[in-house]
Amino acid sequence: MPKADLLWPAGAPGAMGSEDIDKPTLTPYVVPAGRGTGTGVIVCPGGGYGALSMDKEGDQIARFLNSLGVTAFVLKYRLGPKYHHPIELGDAQRAIRTVRFKASEYRLMPDRIGIMGFSAGGHLASTAGTHFDNGDANAADPIDRVGSRPDFLILCYPVVSFTNFVHQGSRRNLIGDNPDPKLVESLSNETQVTAQTPPTFLFHTHADTGVPAENSVLFYLALRKSGVPAEIHIYERGPHGVGLAQTDYPLSSWPGRLADWLRVRGLLNSVGR
């Protein structure tokens, strides 16, 4: 396994302890020199904002991306109910800034940094894609001067909405039992899409009873309305949390569809890295 790096070596802002769960990390899966495409993807495993599926929605996904020539970074973000918004978003934004800041070190192009998420990790990724900034030019930490907008989104059976077809566990862990209605709306990411939202790939299953496919559909329709390039795949069968779905022949085609989308967008074109 690659070595995990602390997102904040001197201690994460808002940390409420010094245990492993209080220390967000980023684990780089770097493509060997000469085999990379210059594209990087930060991977956010799911787990309802209360746990992390680090193998099926982390390590396995990173290794698949490596097979495409894409360098991957698995994010271990802080979780509820101990941590609430905006801590999780801050961890994701820090990951984006860090990878972009270190792009040359990882042999990446700074304008080819995407974020990918599964289930609640998909909510985190879609939040990063709809709530971003250009960085703080006056920050003492040079990483904080870097913009946090991802260049593309990959959302896999994502939680998106906190007002329609809601996954209650994710919502409760992220914002508590009695959140401010304005915060609920702000984190219903289908309502936050603009023309500046990054191009997006989505996949879901019709049979998903954990997180209904309407979450992906609502986000796709919002992207379409805003003129943002997007692609969506909804498979008829398959439960929630399938990962690469390696034992399900029809559903296991979704990584190929993702590879096609990345290729169409020019993200698998070698840039001599």
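The values are calculated or read from the model by the stated rules, or taken from the named source; none is laboratory data. All values derive from a computational prediction rather than experimental measurement. With ideal geometry, Cβ positions are generated from the backbone for all residues, glycine too; neighbour counts draw on all protein chains shown. With ligands, DNA and RNA removed, areas are computed over all heavy atoms of the protein, side chains included. Shrake-Rupley method; radii C 1.70, N 1.55, O 1.52, S 1.80 Å.
Check E236 against each of (1) touching a His at 6+ places or on another chain (Cβ under 6 Å); (2) under 30 Å from W8 (Cβ atoms); (3) without any contact (Cβ under 8 Å) to a residue 60 or more places away in the chain and name the one condition it does not meet.
Of everything listed in (1) touching a His at 6+ places or on another chain (Cβ under 6 Å); (2) under 30 Å from W8 (Cβ atoms); (3) without any contact (Cβ under 8 Å) to a residue 60 or more places away in the chain, E236 misses just condition (2).
Looking only at region 181-195, filter to residues that are within 15 Å of V159 (Cβ to Cβ) and not in a helix (DSSP H, G or I); which one of those is most open to solvent (accessible area, probe 1.4 Å)?
The extreme case among them is Q192.
So which residues in region 134-168 are farther than 23 Å from V70 by Cα, in a loop (DSSP other than H, G, I, E, B), of a type outside the set (V, I, T) and touching a residue at least 24 places away in the same chain (Cβ under 8 Å)? Don't jump to the end; show me each part of the working.
Within region 134-168, the first condition is being farther than 23 Å from V70 by Cα, and the residues that meet it are 134-142, 144-145, 159-168.
Okay, now just the ones that are also in a loop (DSSP other than H, G, I, E, B), so 134-141, 159-167.
Those left that are additionally of a type outside the set (V, I, T): 134-141, 161-162, 164-165, 167.
Across region 134-168, the qualifying residues are G135, S161, F162, N164, F165, H167.
When the residues of region 61-91 are filtered to those that are part of a loop (DSSP other than H, G, I, E, B) and either open to solvent by less than 20 Å² (accessible area, probe 1.4 Å) or β-branched (V, I, T) (or both), which remaining residue is nearest to Y49 (Cα to Cα)? Steps first, please.
If we filter region 61-91 for residues that are part of a loop (DSSP other than H, G, I, E, B), which is where we start, we get 68-70, 77-86.
The next check asks that each one be either open to solvent by less than 20 Å² (accessible area, probe 1.4 Å) or β-branched (V, I, T) (or both); those that pass are 69-70, 77-78, 80, 83.
Values: G69: 29, V70: 26, Y77: 9, R78: 8, G80: 6, Y83: 9 Å.
Across region 61-91, the extreme among qualifying residues is G80.
Please verify whether region 243-253 includes one or more residues that are modelled with pLDDT of 95 or more and farther than 20 Å from G69 by Cα.
Filtering region 243-253 for residues modelled with pLDDT of 95 or more gives 243-245, 251-253.
Adding the requirement that they be farther than 20 Å from G69 by Cα leaves 245, 251.
Yes, region 243-253 has at least one match.
Of the residues in region 227-268, how many are assigned to a helix (DSSP H, G or I), open to solvent by 60 Å² or more (accessible area, probe 1.4 Å) and more than 14 Å from L202 (Cα to Cα)?
Within region 227-268, the subset assigned to a helix (DSSP H, G or I) is 251-264.
The next check asks that each one be open to solvent by 60 Å² or more (accessible area, probe 1.4 Å); those that pass are 257, 260, 263-264.
Still in the running and more than 14 Å from L202 (Cα to Cα): 263-264.
Counting residues in region 227-268 that are assigned to a helix (DSSP H, G or I), open to solvent by 60 Å² or more (accessible area, probe 1.4 Å) and more than 14 Å from L202 (Cα to Cα) gives 2.
For residues that are hydrophobic (A, V, I, L, M, F, W, C), assigned to a loop (DSSP other than H, G, I, E, B) and open to solvent by 20 Å² or more (accessible area, probe 1.4 Å), scanning just region 13-33, find the one that is farthest from R94 (Cα to Cα). I'd like the intermediate steps shown before the answer.
Looking only at region 13-33, we keep the residues that are hydrophobic (A, V, I, L, M, F, W, C), and these are 15-16, 21, 26, 30-31, 33.
From what is left, the residues that are assigned to a loop (DSSP other than H, G, I, E, B) are 15-16, 30-31, 33.
Those left that are additionally open to solvent by 20 Å² or more (accessible area, probe 1.4 Å): 15-16, 30, 33.
Values: A15: 14, M16: 18, V30: 19, A33: 25 Å.
Step by step, filter region 13-33, then rank; the result is A33.
Of the residues that make up region 116-124, is at least one in a loop (DSSP other than H, G, I, E, B), touching a helix residue (DSSP H, G or I) at 6+ places or on another chain (Cβ under 8 Å), on the phi < 0 side of the Ramachandran plot and open to solvent by less than 40 Å² (accessible area, probe 1.4 Å)? Let's see the steps before the verdict.
If we filter region 116-124 for residues that are in a loop (DSSP other than H, G, I, E, B), which is where we start, we get 119.
Those left that are additionally touching a helix residue (DSSP H, G or I) at 6+ places or on another chain (Cβ under 8 Å): 119.
When the remaining residues are screened for being on the phi < 0 side of the Ramachandran plot, the result is none.
The answer is no, given that none of the residues of region 116-124 is in a loop (DSSP other than H, G, I, E, B), touching a helix residue (DSSP H, G or I) at 6+ places or on another chain (Cβ under 8 Å), on the phi < 0 side of the Ramachandran plot and open to solvent by less than 40 Å² (accessible area, probe 1.4 Å).
Is it the case that some residue within region 151-160 is open to solvent by 10 Å² or more (accessible area, probe 1.4 Å), under 23 Å from P28 (Cβ atoms) and modelled with pLDDT of 95 or more? Don't jump to the end; show me each part of the working.
At the first step, the residues of region 151-160 found to be open to solvent by 10 Å² or more (accessible area, probe 1.4 Å) are 151.
From what is left, the residues that are under 23 Å from P28 (Cβ atoms) are 151.
Cutting the leftovers down to modelled with pLDDT of 95 or more gives us 151.
Yes; the residues of region 151-160 include at least one that is open to solvent by 10 Å² or more (accessible area, probe 1.4 Å), under 23 Å from P28 (Cβ atoms) and modelled with pLDDT of 95 or more.
I need a count of the residues in region 169-180 that are open to solvent by less than 70 Å² (accessible area, probe 1.4 Å) and assigned to a loop (DSSP other than H, G, I, E, B).
Going through region 169-180, the residues open to solvent by less than 70 Å² (accessible area, probe 1.4 Å) turn out to be 169-171, 173-176, 179.
Keeping just the survivors that are assigned to a loop (DSSP other than H, G, I, E, B) gives 176, 179.
Count: 2.
Being open to solvent by less than 10 Å² (accessible area, probe 1.4 Å), closer than 14 Å to G121 by Cα, aromatic (F, W, Y) and in a loop (DSSP other than H, G, I, E, B) is the requirement here; does Y49 meet it? Walk me through it before giving the result.
On the way: open to solvent by less than 10 Å² (accessible area, probe 1.4 Å): yes; closer than 14 Å to G121 by Cα: yes; aromatic (F, W, Y): yes; in a loop (DSSP other than H, G, I, E, B): yes.
The answer is yes for Y49.
So that you can scan it fast, the table gives a plain yes or no per residue for (1) more than 16 Å from P158 (Cα to Cα); (2) within 20 Å of the chain's Cα centre (by Cα):
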| position | (1), (2) |
| --- | --- |
| I234 | no, yes |
| G238 | no, no |
| G241 | no, yes |
| P250 | yes, no |
| W254 | no, yes |
| R257 | yes, yes |
| L262 | yes, yes |
| L267 | yes, yes |
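In this structure, is R107 basic (K, R) and open to solvent by 20 Å² or more (accessible area, probe 1.4 Å)? Outline the logic, then answer.
Numbers: basic (K, R): yes; open to solvent by 20 Å² or more (accessible area, probe 1.4 Å): yes.
In short, yes.
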